[in-house]
2 protein chains.
Amino acid sequence: MAGKNVSTDRCDCEVIHDDVVNSVRKKMPEEETLYDLAELFKVFGDSTRIRILWALDEAEMCVCDIAYLLNMTQSAISHQLRVLKQAKLVRNRREGKVVYYSLDDEHVKMIFDQGLVHINEER
Amino acid sequence: MAGKNVSTDRCDCEVIHDDVVNSVRKKMPEEETLYDLAELFKVFGDSTRIRILWALDEAEMCVCDIAYLLNMTQSAISHQLRVLKQAKLVRNRREGKVVYYSLDDEHVKMIFDQGLVHINEER
DNA sequence: TGGTCATATGAGTAATTGTTCATATGTTTA
DNA sequence: TAAACATATGAACAATTACTCATATGACCA
């Protein structure tokens, strides 16, 4: 019973299609799942991070390599790599002073490709 | 010649792997393409918009339905629908006073599913 | 025509975020 | 140990953004 309550406080208009809404509500995934999904896409939602991921999909590279490739400061890249690591999208290994980063998820490219399909569908 | 220049102004460290960087550079897509891709994912990077898209994937709904379903104000939903429309992810049709929104891209669900695969890969 | 309702939109605001700058950490080598 | 170098990180700042509030627009109906 509890947990199935539907508050109408926020919606400042009359509901028109109760049946549709209720049907959709049943099919919606957990709130948390969709939140996590948004968090993941938020990580993809920055061109610096997209470029880093795309680059790492081609080859493992150290922080310095990436900074040079993208013409950005080491610090900026390092900050973004931290975000990508937290999202479990990249992993790293240390070799002396140098830290090498690589992709940690084989789905990244697939997600990118699907995104590109949408972009190229300019209607 | 021009356009192939590589500036080293920003990178404040020594490059270690010129060969790797150059090889990756050749394979990188257009700067603009990756920027557009990031813009698309930015749209996905908000749980309100994710929920709207997921809901619309289940059924066409009017603004009021969505506001009620997500327990948000009509205004907030309307603002987000505008963003989704600009990204060509939803379309709408008017029927009297009511405006119905629906998904305008069949890849959305595929992109979401790929994202979910990543999320569920908790290692 | 005036009133009501669904939706859209502009301004304002609090929160988030990407980068820079300075500096810390950790590793190698002299 | 000290110097040099690759990387990490905290604070600060500017830019962006999601929502609220007030109001505009557009459609229907009495």
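Values in this text are rule-based calculations from the coordinates and carry no lab data. As the structure is a computational prediction, the values presented were derived from the model and not from experiment. Note that each Cβ is placed from the backbone with ideal geometry, even for glycine, and that neighbours are counted across all protein chains shown.
Determine the gain in length on full extension of the stretch B:Cys13-B:Met28; use 0.36 nm per residue of separation and subtract their C-alpha separation, reporting nm with one decimal. Before the final figure, lay out the partial values.
Values: separation 15, 0.36 × 15 = 5.40 nm, distance 2.19 nm.
Between B:Cys13 and B:Met28, full extension yields an extra 3.2 nm.
Under 8 Å for C-alpha pairs, at least 6 residues apart: give me the relative contact order for chain B, rounded to a whole percent.
This gives 20 percent for chain B.
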On a 0 to 90 degree scale, rounded to 10, what angle separates helix B:74-86 from the longest Cα axis of chain B?
-> 50 degrees
Classify chain A as rounded, prolate or oblate, taking a ≥ b ≥ c as the square roots of the eigenvalues of its Cα gyration tensor: rounded when a/c is under 1.5, otherwise prolate if a/b is larger than b/c and oblate if not.
-> prolate
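Counting pairs on different chains as well as pairs 8 or more places apart, how many Lys pairs in chain B have Cα atoms under 22 Å apart? Please list the in-between numbers first.
Working: B:Lys4/B:Lys26; B:Lys4/B:Lys27; B:Lys42/B:Lys85; B:Lys42/B:Lys88; B:Lys42/B:Lys109; B:Lys85/B:Lys97; B:Lys85/B:Lys109; B:Lys88/B:Lys109.
Here the count comes out as 8.
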Short version: ³J(HN,Hα) in whole Hz for each residue of the stretch B:93-109, in order, from phi by Karplus 6.51 cos²θ - 1.76 cosθ + 1.60 (θ = phi - 60°), x for Gly and Pro, what are they?
-> 9, 9, 9, x, 7, 8, 10, 9, 10, 8, 5, 10, 7, 7, 8, 3, 4
Amide H neighbours of B:Val90 under 5 Å, counting only residues 5+ apart in sequence or on other chains, H built in-plane at 1.01 Å?
-> B:Lys85, B:Asp104
Which angle from 0 to 90°, rounded to the nearest 10, does the C-alpha axis of helix A:18-27 make with the longest principal axis of chain A?
-> 40 degrees
Please state the charge dipole magnitude for the protein assembly as shown, taken about the Cα centre, from unit charges on C-beta atoms (+1 on K and R, -1 on D and E), reported in debye and rounded to the nearest 20.
-> 300 debye
Other chains' Cβ within 10 Å of A:60-68 residues: what's the mean?
-> 6
Say we join alpha carbon atoms closer than 10 Å with springs in a Gaussian network model of chain B; which of B:Glu32, B:Glu14, B:Glu58 then has the biggest fluctuation?
-> B:Glu14
Sorted on mean Cβ neighbours within 10 Å (highest first), peptides B:60-69, A:33-42, A:83-92, B:90-99 come out as B:60-69, A:33-42, A:83-92, B:90-99
Any idea how far apart B:Val83 and B:Glu95 come out in nm if each label point goes 7 Å out from Cα toward Cβ?
-> 2.8 nm
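One quarter of the convex hull surface, Cα atoms only: what value does that give for the protein assembly as shown in nm²? Don't skip to the end; give the middle numbers.
Values: hull surface 65.6 nm².
Convex hull of Cα atoms, orientation-averaged projection: 16.4 nm².
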